[in-house]
Amino acid sequence: MHELSTGNGASLLLYTAPVLTFSRVFKKKSTEEFSCLPYVMTLFNCLIYTWYGLPIVSHCWENFPLVSINGVGIVLESIFIFVYFCYASPKEKIKVGVIFVPVIVVFGLTTAISAVVFEDHRHRKSFVGSVGLVASISMYGSPLIVMKKVIETKSVEYMPFYLSFFSFLASSLWLAYGLLSHDLFLALPNMVGTPLGILQLIIYFKYKNKKEAPITTTVVGKWDHEKNKSKLELVVDVDHDADADDNEKKFMNAC
């Protein structure tokens, strides 16, 4: 099915998009203000849907494409999270642990319950699919934290474009696949992911050309006759559009 192959391709691009972000992390040896939440939630989504596609849950290999693409996602997201943890500050490392550990626990419980408690594929798919619905919504909703920061700072520096774009593309194509294959557990989360992807792109294009006003400094030399010595005034211009009175208040005097 054409939607299936293009959906897998879009998902692969989504999972590899953070390479650009982490090349910057490698270069600067710091995670700066990038959030690890999207990568942990994506790992959670990949784990659940890999399990969902395996024969123990699905009938035979009817959902093998889920296993293949999400298996790749597990490897890539695990690498990203490891790199993030290596270069994160101690405070950020704690945040990663607080998010990562519950994700692994929930996945472990999901696999155990679905394999032991339920005896047929239909009930297993319903149970794992329900958890997958939560996982997918969490993955597509995790950039909301970044979007909030973008709106506050009016800067898209820490909101990678390709991650947003491929998130929208992948969710749209998997939505089409879920509807055409009559699998609501694939279609429903992407009904949430698609509009969230559109929202990310709208916010990105709204703020992509807006930058904070540059800070310029001017050094002015004066002669102090009373103290018979020179004085330097360092004037800091923060906002060119502000009133002149406000600018005059923003200076430092150095003897």
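Read the figures in this text as sums done on the coordinates, not as results from a lab. All figures in this text were calculated on a predicted structure; none of them were measured in a lab. Positions of Cβ are backbone-derived with ideal geometry, glycine not excepted, and every protein chain shown enters the neighbour counts.
For Val156, no residue 5 or more places off, or on another chain, has a built amide H under 5 Å of its own. Potential lengthening of the chain between Lys208 and Val106 amounts to 33.0 nm, from the contour at 0.36 nm per residue minus the alpha-carbon distance. Taking label positions 7 Å along the Cα-Cβ direction at both Leu199 and His59, the computed distance is 3.7 nm, reported to one decimal.
Restriction of the trypsin sites (Lys or Arg not before Pro) in the stretch 1-92 to DSSP coil positions whose beta-carbon has at most 13 other beta-carbons within 10 angstrom yields Lys29.
Once the Cβ-Cβ distance between Ser181 and Leu20 is put in as r, and R0 is 35 Å, what FRET efficiency do you end up with, to the nearest 0.05?
Efficiency, rounded to the nearest 0.05: 0.60.
Loop-located trypsin sites (Lys or Arg not before Pro) in the stretch 180-210 (DSSP state other than H, G, I, E, B) with a sparse environment of at most 11 neighbouring Cβ atoms within 10 Å: Lys210.
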